[in-house]
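Any read-out appearing in this document is the output of simple, stated calculations on the displayed coordinates, not a laboratory observation. Not measured: the values here are computed from a predicted model. Using ideal geometry, Cβ is built from the backbone for each residue, glycine included, and neighbour counts are taken over all protein chains shown.
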Amino acid sequence: MLPALLDPLGRKINYLRVSLTDQCNERCLYCRPAAYHGWSPQPDHLSTPELIQVITAATRLGFEHIRLTGGEPLLRPDLLEITRSLRTLPHLTSLSLSTNGTRLAPIARQLQQAGIQSINLSLDALQPELYRKITGGSFDDFFAGFRAALDAGFTQIKINCVLLRGMNQQELRPLVHFAAEHHVPIRFIELMPLTLSPQNGQDLFLSIQDAQEFLGGSETLIPKPDYSGGQGPARYFEDKVSGAIVGFIGALTTPDFCASCNKIRLTADGKLRPCLGRHGEIDLRNALRQGSHTPEELLREAIANKPKDHEFSTGYEPSRPMTALGG
Ligand code: SAM
């Protein structure tokens, strides 16, 4: 067991989210990555050996949880190779993946065999037209991927839904029933101001408190403080109506949301980002290529520079979307 990595506030930092690409085959209206025209390695992105070098260094330091994300990580043709290289790292407790699921069906079992233990799938609506309106993608493709994930034997599967006022609040109850029917937890996430698109605006913002009211409030949602649903900040409840486990992630409305933050992000272009909701980044890629610093030194610097809290409620102006930062 390695000694804990502590930031200046004493928070234990043990979770690295790694964006494998800033590209995505969907175009969620609150995210809006550039149009996708096929994946190719970008010189300003970390290569596969560089990625593996940095993640290996992170696990040697004390990062126990690695999540592969993006953009859409399934766009990377070498995803299985990356996964196989990581699965055997000593001190790694969990290796997980976030995906929109639309390309998961043919590869789900191979990913599980390659070492992905748990998987988060984004699902903002069940009605196919609404799903397309929000994401630009196909619900049928999502559902094929979701089914394949259920059959593939992952230790845990979770559904993530971004709350969108006037768009998907009528879907919240059906989504909870969908989760119950398939025996997976669902988490509702507050929209964070991360994109410069007009849809970034507060018009779409729906708080977790309002979402809880839509679902019946405390009459229906029974707190499950001991439920261990992963490494993140979700608070979990059991829905009395369906039996589903329902989590809420309220980055904007939860007091002290950042008090338990345990994450550092590695962007696809090789920047270490101590906080999603603040612009500060450390240029790991150039330091690595110039040989000026080791990844261990830069990871320690990122932890030392981890701010107390995000600036989402105090004027954060996004400069690039979540896809670039690693969702
Ligand atoms: N493509 C993968 C996926 O769909 O899960 C991984 C990357 S995606 C950026 C990760 C998660 O971030 C998704 O659940 C997505 O809905 C969420 N997300 C993106 N932009 C967001 C925003 N502005 N606020 C809240 N969540 C956001």
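Brief remarks on what is shown
- Flag for R173 being under 19 Å from Y30 (Cβ atoms), in contact (Cβ under 8 Å) with a residue 12 or more places away in the chain and either under 16 Å from the mean Cα position of the chain (by Cα) or away from the ligand (no atom under 13 Å from the Cβ) (or both): no
- Residue match in segment 275-285 (condition: more than 16 Å from the ligand (Cβ to nearest atom), surrounded by 15 or more Cβ atoms within 10 Å (Cβ to Cβ) and either free of Cβ contacts under 8 Å to residues at least 12 places away in the same chain or assigned to a helix (DSSP H, G or I) (or both)): yes
- Sole residue being in contact (Cβ under 8 Å) with a residue 60 or more places away in the chain, part of a loop (DSSP other than H, G, I, E, B) and more than 13 Å from the chain's Cα centre (by Cα), chosen from D226, D269: D269
- Every residue from segment 274-302 that is among the polar types (S, T, N, Q) and closer than 12 Å to E50 by Cβ: N286
- Of everything listed in (1) under 23 Å from R32 (Cβ atoms); (2) away from the ligand (no atom under 12 Å from the Cβ); (3) touching a Leu at 6+ places or on another chain (Cβ under 6 Å), the single unmet condition for L206 is (2).
- When restricted to residues that are of a type outside the set (D, E) and assigned to a helix (DSSP H, G or I), segment 34-87 contains 24.
- Residue satisfying condition, being surrounded by fewer than 21 Cβ atoms within 10 Å (Cβ to Cβ) and of a type in the set (G, A, S), within set A108, A149, A180, A125: A180
- Among the residues of segment 128-142, those identified as of a type in the set (D, E) and in contact (Cβ under 8 Å) with a residue 12 or more places away in the chain are D140, D141.
- The C-beta contact set for segment 149-160 (first residue farther than 7 Å from L121 by Cα, second residue among the basic types (K, R), distance under 6 angstrom, 6+ apart or interchain) comprises A152/R109.
- Residue that is within 12 Å of V18 (Cβ to Cβ), surrounded by 22 or more Cβ atoms within 10 Å (Cβ to Cβ) and within 16 Å of the ligand (Cβ to nearest atom), where the choices are T135, T102, T69: T69
- All told, T294 falls short of being under 21 Å from P33 (Cβ atoms) and among the β-branched types (V, I, T).
- The condition (being at negative phi, acidic (D, E), touching a helix residue (DSSP H, G or I) at 6+ places or on another chain (Cβ under 8 Å) and within 14 Å of the ligand (Cβ to nearest atom)) is satisfied by just one residue among D141, D151, D124: D124.
Rundown of residues vs (1) within 24 Å of M1 (Cβ to Cβ); (2) of a type in the set (A, V, I, L, M, F, W, C), yes/no style:
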{"position": "D44", "(1), (2)": "no, no"}
{"position": "T56", "(1), (2)": "yes, no"}
{"position": "G62", "(1), (2)": "yes, no"}
{"position": "I66", "(1), (2)": "yes, yes"}
{"position": "T69", "(1), (2)": "no, no"}
{"position": "L75", "(1), (2)": "no, yes"}
{"position": "L89", "(1), (2)": "yes, yes"}
{"position": "L97", "(1), (2)": "no, yes"}
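- Reported count of residues in segment 28-60, each being farther than 25 Å from I303 by Cβ, surrounded by 16 or more Cβ atoms within 10 Å (Cβ to Cβ) and either basic (K, R) or over 21 Å from the mean Cα position of the chain (by Cα) (or both), is 1.
- Sole exception among (1) of a type outside the set (K, R); (2) within 15 Å of the ligand (Cβ to nearest atom); (3) in a loop (DSSP other than H, G, I, E, B) for G247, by number: (3)
- Hits in segment 1-22 (condition: buried (at least 16 other Cβ atoms within 10 Å of the Cβ) and either near the ligand (Cβ under 10 Å from one of its atoms) or outside any loop (DSSP other than H, G, I, E, B) (or both)): Y15, L16, R17, V18, S19, L20, T21, D22
- Within segment 286-320, if we keep just the residues that are assigned to a loop (DSSP other than H, G, I, E, B) and among the basic types (K, R), the residue that is surrounded by the fewest Cβ atoms within 10 Å (Cβ to Cβ) turns out to be K308.
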